[in-house]
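The next block holds one structure in the form of structure tokens; read it before the comments.
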Amino acid sequence: MKLKAIIVEDEKTSRDILKNYVTKYCPNIDILGEAENVEEALVLIRNNDLDLVFLDVEMPYGNAFDLLEKVGDINFETIFVTAYNQYAMEALNAHASYYLMKPISIDELIKAVDYVTEIKQKEAALQDQVLVPKINVVAGKITIPQQDGFEVINTADILYCKADDNYTEIYLTTEKKKLVSKTLKYFEDILADSHFSRVHKSYLVNVNEIVKYVKGKGGSVVLSNGKQVSVSASRKADLLAFFK
């Protein structure tokens with residue numbers, strides 16, 4: 001698992017040593033940048049989606065704790081690197097993942113990085129579980145993955161779903177459309193207990209949004225937004241069973 005990191009250290013020699021160690025002994029770490037003070041570090045943190053920050057405690061014009069306070073909502077792990085052990089308790093209170101003492105032990109550095117990697121792997125595994133579109137533990141909701149997290153949608157707000165190869169277009173009562181990288185069969189399965197009917201190979205409709213049925217070999221249904229959807233002859237009986 002690749003982790004994106006920066007080094008925050010005011011002494012160039014110390015920065016170079018740490019960077020060389022990380023590059024040589026921790027190949028899963030990509031060093032995106034270096035900073036020698038709080039302000040430079042803030043710029044790097046705000047401009048990059050980081051997994052890890054190697055952080056010296058004492059710097060000019062502020063220290064590591066000033067930096068973390070300015071960042072506010074911290075979404076990365078922190079490995080403190082310092083020559084002073086009196087900051088250990090404060091680092092622990094700042095939710096540091098690891099506390100490395102200078103001069104840096106290569107074994108301890110590897111252990112620290114392995115520890116952070118394990119944390120991030122567990123987070124990624126949990127995120128993968130949550131971001132898969134599925135019925136939410138809250139009845140009547142599904143989650144739809146997004147780049148920055150996931151969106152929760154009320155199943156009652158779904159008018160119909162339309163197949164688009166290996167994707168599904170979800171049309172909502174709000175007239176919005178969501179494109180999700182899952183097949184229509186996937187949504188048919190997870191919405192099976194939510195009053196949805198697969199009326200056609202390309203359509204899954206919310207039965208509660210049907211306002212009219214038009215007779216025919218298979219016929220068609222008209223939804224509350226005026227959309228008319230054909231019904232396959234082989235699926236007609238299953239649909240009409242909802243209205244018995």
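The length gained on full extension between I144 and K102, counted as 0.36 nm times the residue separation minus their Cα-Cα distance, comes to 10.5 nm. If R0 is 45 Å, what FRET efficiency do you get for M1 and K201 from their C-beta distance, rounded to 0.05? The pair M1/K201 has a calculated efficiency of 0.70.
For the chain, the share of accessible area belonging to carbon and sulfur comes to 49 percent (1.4 Å probe, ligands and nucleic acids excluded). Calculated FRET efficiency, D114 to E151, Cβ-Cβ distance, R0 = 30 Å: about 0.30 to the nearest 0.05. Calculate, in whole percent, how much of the Cα-Cα pair population of the chain lies beyond 33 Å. I get 45 percent for the Cα pairs in the chain exceeding 33 Å. Counting every alpha-carbon pair across region 169-214, the share separated by more than 11 Å comes to 70%. At a probe radius of 1.4 angstrom, the accessible area of the chain per residue rounds to 56 square angstrom. Counting only DSSP beta bridges whose two residues both lie in the chain, roughly 65 percent are antiparallel. One compactness figure for region 141-242 is 1.04, namely its Cα radius of gyration divided by 2.2 N^0.38 Å. In units of the compact-protein estimate 2.2 N^0.38 Å, region 1-106 shows a Cα radius of gyration of 0.96.
Could you size up the charge dipole of the chain around its Cα centre, putting +1 on the beta carbon of Lys and Arg and -1 on that of Asp and Glu, and report it in debye to the nearest 20? Here the size comes out at about 2480 debye.
Listed values for region 12-25 are Karplus-derived 3J(HN,Hα) couplings in whole Hz (6.51 cos²θ - 1.76 cosθ + 1.60, θ = phi - 60°), namely 4, 4, 5, 4, 5, 4, 5, 4, 5, 4, 5, 4, 7, 10, and x replaces Gly and Pro.
Here the gap between Y21 and L172, fully extended at 0.36 nm per residue and compared with their Cα-Cα distance, gives a gain of 49.1 nm.
Once the C-beta distance of N85 and K122 is scaled by a Förster radius of 30 Å, the resulting FRET efficiency is 0.60 to the nearest 0.05. Taking each of K120/K176; K12/K111; K24/K122; K141/K217; K141/K227; K185/K217 in turn, the alpha-carbon distance tops 32 angstrom for K120/K176; K141/K217. Our coupling estimate for region 148-153, obtained by passing each phi through the Karplus curve with A = 6.51, B = -1.76, C = 1.60 and θ = phi - 60°, is 9, x, 8, 10, 9, 10 Hz, Gly and Pro reported as x.
Extension gain, L42 to S181, is 46.5 nm, computed as 0.36 nm per intervening residue step minus the present C-alpha separation. Loop-located chymotrypsin sites (Phe, Trp or Tyr not before Pro) in region 1-81 (DSSP state other than H, G, I, E, B) with a sparse environment of at most 16 neighbouring Cβ atoms within 10 Å: Y61. Quick one: grab the alpha carbon gyration tensor of region 25-84, order the square roots of its eigenvalues as a ≥ b ≥ c, and give me rounded if a/c is under 1.5, else prolate or oblate depending on whether a/b is larger than b/c. Oblate, because a/c is 1.5 or more while a/b does not exceed b/c. Largest GNM mean-square fluctuation across E188, E123, E175, computed for the chain with C-alpha springs under 10 Å, falls on E175.
Hey, what angle do you get for helix 106-131 against the long axis of the chain, alpha-carbon based, 0 to 90 degrees rounded to 10? For 106-131 against the chain, the angle is about 10 degrees.
The values are calculated or read from the model by the stated rules, or taken from the named source; none is laboratory data. Bear in mind the structure is a predicted one, so any value in this text is a computation, not a measurement. Positions of Cβ are generated from backbone atoms using ideal geometry, with glycine treated the same way; all protein chains shown enter the neighbour counts. These area figures cover heavy atoms from the full protein model, side chains too; ligands, DNA and RNA do not enter into them. Shrake-Rupley method; radii C 1.70, N 1.55, O 1.52, S 1.80 Å.
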